[in-house]
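To start, the structure under review is shown below, and the notes come after it.
The values are calculated or read from the model by the stated rules, or taken from the named source; none is laboratory data. From a predicted model like this one, the values you see are computed outputs, not experimental measurements. We place every Cβ from the backbone using ideal geometry, glycine too, and count neighbours over all the protein chains shown.
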Amino acid sequence: MTAMLEARGGALRAVAQAQPNIALIKYWGKRDIALNLPVVGSLSITLDALWTRTEVSFEPELTVDRLLLNGREETKQLRRATACLDLLRARAGVDWRAQIVSTNNFPTGAGLASSASGFAALALAGDAALGLGLTRAELSVLARRCSGSAARSIFGGYVEWALGQRADGEDSVARPILDAEAWPLSVVVAITSTAEKEIGSTEGMNRTAETSPFQRAWIDTQEADLAEARAAIIARDFERLAAISEHSCLKMHALALAARPGLLYWNGATVTAMHCVRQLRAQGVPVFFTIDAGPQLKAVCLPSAAAAVAAALRAVPGVLNVVETGLGGDACVLDVPELVAE
Ligand code: 2P0
């Protein structure tokens, strides 16, 4: 450890980048809240153009962890960040506190999966700073402990997060199922609000599990949905993937809408954008929508249709901005710490 400390000027420091992922077969519900284990498996695509960059610097003189998120001191996410770093500190036998500086190039906490990219980047940067050399699977388990969907953002392309069987959750881990380059799709994100959502995913899914009458049906039908999506991806069958993905999205929202009180993550523009996507598809445009715990609509399409989809969504009243992206690669450690300050 001493040589490493000298080499790094007394601080253990690294920077990592991760991209958000969008679930096509959704995660919603926990079977173990403390270990953050899901009630269902899920399947996602990792994006390219949106990113979180996070620098972690363990320093001997710090007495508490500090988190600067998008240039502002953040206390809401600090508890989870500290829990993540505690797991790493325990493995490394280091008790130094850390300064975390994290930047997103997209709205935070607004249904754009900032916790997925955020905790994946934190796990990777923390591991690199401490020189632990965890495997990708171990990093996925670690990221999952902090935020479920972060397990998937360790990997690029098409990713499946397994439900797992073990009580300790060590087999509830994500794995890549197809590289982004093997079937490049485009994603057009229609941003309908930049406000932080009122009810976060954790609270929303816990309320759903306690009160929604559809919880059992949700759990019982997920395996078949996953198998269908996996088969569609392996066959590069866009229509088949469109059908099962919209089904999973609408089923998750139906489940959450039936909670007490009901969880309504959409606004008027979200619904208009859903109709817009369905009209495009009826005209033969290869596109489908998916929506997470927020009001943004993500239209997934073949790259040849991306410009037409973006133009159509931009014209939807209430759509504030449209972001086009392809599918991205694995989360990675960056060589240039200055990037975080951009
Ligand atoms: C998903 N979502 O599969 C689903 C669909 C939102 C809707 O994963 O409590 O931030 O930190 O494990 O991962 C968002 O939930 O929740 C999410 P926690 P997370 O992408």
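Quick notes on this structure:
- Candidates 224, 209, 229 - the one that is within 30 Å of residue 186 (Cα to Cα), in a helix (DSSP H, G or I) and touching a residue at least 24 places away in the same chain (Cβ under 8 Å): 229
- For segment 17-31, a residue qualifies if it is more than 10 Å from the ligand (Cβ to nearest atom), buried (at least 24 other Cβ atoms within 10 Å of the Cβ) and part of a strand (DSSP E or B), and exactly one does: 18.
- Filter result for the condition that a residue is on the phi < 0 side of the Ramachandran plot, modelled with pLDDT under 95 and in the same structural domain as residue 309 (by TED's automatic domain parsing), over 200, 204: 200
- Any hit, segment 295-302, residues being farther than 26 Å from residue 199 by Cα and not aromatic (Phe, Trp, Tyr): yes
- Take the conditions (1) in contact with an Asp or Glu (Cβ under 8 Å, 6 or more places away or on another chain); (2) crowded, with 22+ Cβ neighbours inside 10 Å; residue 326 misses just one of them, which is (2).
- Qualifying residue in segment 70-82 (condition: over 30 Å from residue 227 (Cβ atoms), among the hydrophobic types (A, V, I, L, M, F, W, C) and within 15 Å of the ligand (Cβ to nearest atom)): yes
So that you can scan it fast, the table gives a plain yes or no per residue for (1) farther than 21 Å from residue 229 by Cβ; (2) among the small types (Gly, Ala, Ser); (3) at pLDDT below 95:
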{"position": "270", "(1), (2), (3)": "yes, no, no"}
{"position": "311", "(1), (2), (3)": "yes, yes, no"}
{"position": "317", "(1), (2), (3)": "yes, no, no"}
{"position": "339", "(1), (2), (3)": "yes, no, yes"}
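- All conditions in (1) in contact with a Ser or Thr (Cβ under 6 Å, 6 or more places away or on another chain); (2) within 13 Å of the ligand (Cβ to nearest atom); (3) part of a helix (DSSP H, G or I) hold for residue 150, with the sole exception of (1).
- Of 181, 160, 170, 198, all but one fail to be within 14 Å of the ligand (Cβ to nearest atom) and either acidic (Asp, Glu) or not in a helix (DSSP H, G or I) (or both); the exception is 160.
- Within segment 72-103, the residues that satisfy the criterion of being over 22 Å from residue 136 (Cα atoms) and not in a loop (DSSP other than H, G, I, E, B) are 72, 73, 78, 79, 97, 98, 99, 101, 103.
- Out of 45, 22, sole residue that is of a type in the set (Val, Ile, Thr), over 13 Å from residue 148 (Cα atoms) and touching a residue at least 12 places away in the same chain (Cβ under 8 Å): 45
- Identity of the residue in segment 115-139, of a type in the set (Gly, Ala, Ser), more than 13 Å from the ligand (Cβ to nearest atom) and more than 11 Å from residue 87 (Cβ to Cβ), that ends up surrounded by the fewest Cβ atoms within 10 Å (Cβ to Cβ): 133
- Matching residues in segment 32-59 - criterion: being of a type outside the set (A, V, I, L, M, F, W, C) and more than 12 Å from the ligand (Cβ to nearest atom): 48, 52, 53, 54, 55, 57, 59
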